[in-house]
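The values are calculated or read from the model by the stated rules, or taken from the named source; none is laboratory data. On a predicted model such as this, the values are computed, not experimentally measured, just so you know. As a convention, Cβ positions derive from the backbone with ideal geometry for all residues, glycine included, and neighbour counts pool all protein chains shown.
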Amino acid sequence: MLEIKNLHVKLEEEDKQILKGVDLSIAPGSVHAIMGPNGSGKSTLSYVLSGRDGYEVTEGAASLDGHDLLELDPEERAALGLFLAFQYPVEIPGVGNMTFLRTAVNAQRKARGEEELSAADFLKLIRAKAKTLKIDADMLKRPVNVGFSGGEKKRNEILQMAMLEPKMCVLDETDSGLDVDAMKLVAEGVNALRSEGRSFLVITHYQRLLDHIKPDVVHIMADGRIVKSGGPDLALEVEHNGYADILAEVV
Ligand code: ADP
Ligand code: MG
Ligand code: MG
C-alpha cells in the first residue's frame, strides 16, 4: 500500500536536513505506529506525504499503490485515497463544516468516477457518522474548526476521515491534547474504519493511544530515521523505559 524508500527531506528555506533516509512499507489492512522523541521528524514525514509546501525531497521515493506520490498535487494524492489527520487541524473561517465535507466527499467520488451523493443521502451519512463520534449538529454547521476545542477538532478530523473512506490514513498525534474519553472516541472512530483494504499510520508521542488502537508494527523514529521496528511490545518498552534506552542501543 504505502512504500517509502530512503526518503531524505530538507527544508526549502534553510539548509536543514530533517529526514535522513526513512524506509517504511505498510501492507494493505495493517496498522503501523511511529513513536519518537519531539523533533525527530514525525510530522515532517506526514507533511511530505501530503504534499505540503516548504519541504524538498533530496533523495528517495514514496508511493501509494504503485503511484509515485511525490509527483502528485495534494488533491491528486487525496483522490488516490491518502488521508492525513493533522497534529494541528486548520481553521477555515467562512466555510461551514458540512459544506466543506460535502465538497470534499463529492470531489473524492468524482475523482473515483462515482456519482455525487444527493443532499439527502449525504445528510443521512454524515448524521450517522457524526453520532458515533459524539459530534452534534451544531458543530456540523459551524465554520470548519473555528472555535472548536482541541478535542472537537480531533474528532472532526476523524469525521472527515470516516466520510472520505480513504485507503491510507495517516494520523499525526491525533491523541495530543485529548482527555481519556475523547481519546477513546477517536480510537473507536479509527477502529470502526479498520478493514482489509485500509491501512493506518498512527504517529504518537505517547503509548496510551496504542492501548486503544492496536498496531501490528511499531517503529521508533529518531533524528530523521526509523531506528527500530518491532511489535506492540516495543510501545510498552518505550512507556516503561522512555526513549533513552532504545536510542542508546541503536546509536
Ligand atoms: P516531530 O513531529 O517528530 O516532533 P517535526 O517533524 O515537527 O518533528 O520536526 C523535525 C525537526 O525539523 C525539528 O527540529 C523541527 O524544529 C524542524 N522543522 C520542521 N519543520 C520546520 C520548519 N518549517 N522550519 C524550521 N524547522 C522545522
Ligand atoms: Mg512535535
Ligand atoms: Mg509532530
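Say we look at the range 41-59 and pick out the residues that are within 16 Å of ligand 3 (Cβ to nearest atom) and over 17 Å from the mean Cα position of the chain (by Cα); which of these is nearest to Arg225 (Cα to Cα)?
The residue in question is Tyr55.
Residues being more than 9 Å from ligand 1 (Cβ to nearest atom) and in contact with a Phe, Trp or Tyr (Cβ under 7 Å, 6 or more places away or on another chain): count how many of those fall in the range 10-31.
Summing the residues that are more than 9 Å from ligand 1 (Cβ to nearest atom) and in contact with a Phe, Trp or Tyr (Cβ under 7 Å, 6 or more places away or on another chain) in the range 10-31 gives 1.
Pairs needed: first member in the range 191-203, among the hydrophobic types (A, V, I, L, M, F, W, C); second member anywhere, within 16 Å of ligand 2 (Cβ to nearest atom) and in a helix (DSSP H, G or I); C-beta distance under 7 Å; at least 6 residues apart or different chains.
From the range 191-203, the pairs are Val202/Leu209; Ile203/Lys42; Ile203/Ser46.
Considering only helices (runs of 4 or more DSSP H) fully contained in the range 136-196, which possess at least 1 residues that are of a type in the set (Val, Ile, Thr) and surrounded by fewer than 20 Cβ atoms within 10 Å (Cβ to Cβ)?
180-193
With the structure loaded, tell me whether Gly113 is away from ligand 3 (no atom under 16 Å from the Cβ), on the phi > 0 side of the Ramachandran plot and more than 19 Å from the chain's Cα centre (by Cα) or whether it fails that test.
So Gly113 passes the test.
Of the conditions (1) buried (at least 16 other Cβ atoms within 10 Å of the Cβ); (2) part of a helix (DSSP H, G or I), Met221 satisfies every one except a single condition; which number is it?
So the condition that Met221 fails would be (2).
If only one of Val90, Val9 is surrounded by 14 or more Cβ atoms within 10 Å (Cβ to Cβ) and of a type outside the set (Gly, Ala, Ser), which one is it?
Only one candidate qualifies: Val9.
Please count how many residues of the range 16-34 are closer than 24 Å to Asp65 by Cα and either out of contact with any Gly (no Cβ under 8 Å at 6 or more places or on another chain) or within 12 Å of ligand 2 (Cβ to nearest atom) (or both).
So the count comes out to 10.
Mind checking which residues of the range 55-87 are within 16 Å of ligand 1 (Cβ to nearest atom), surrounded by fewer than 18 Cβ atoms within 10 Å (Cβ to Cβ) and either of a type in the set (D, E, K, R) or modelled with pLDDT under 95 (or both)?
Once the filter is applied, which keeps residues that are within 16 Å of ligand 1 (Cβ to nearest atom), surrounded by fewer than 18 Cβ atoms within 10 Å (Cβ to Cβ) and either of a type in the set (D, E, K, R) or modelled with pLDDT under 95 (or both), the range 55-87 yields only Glu56.
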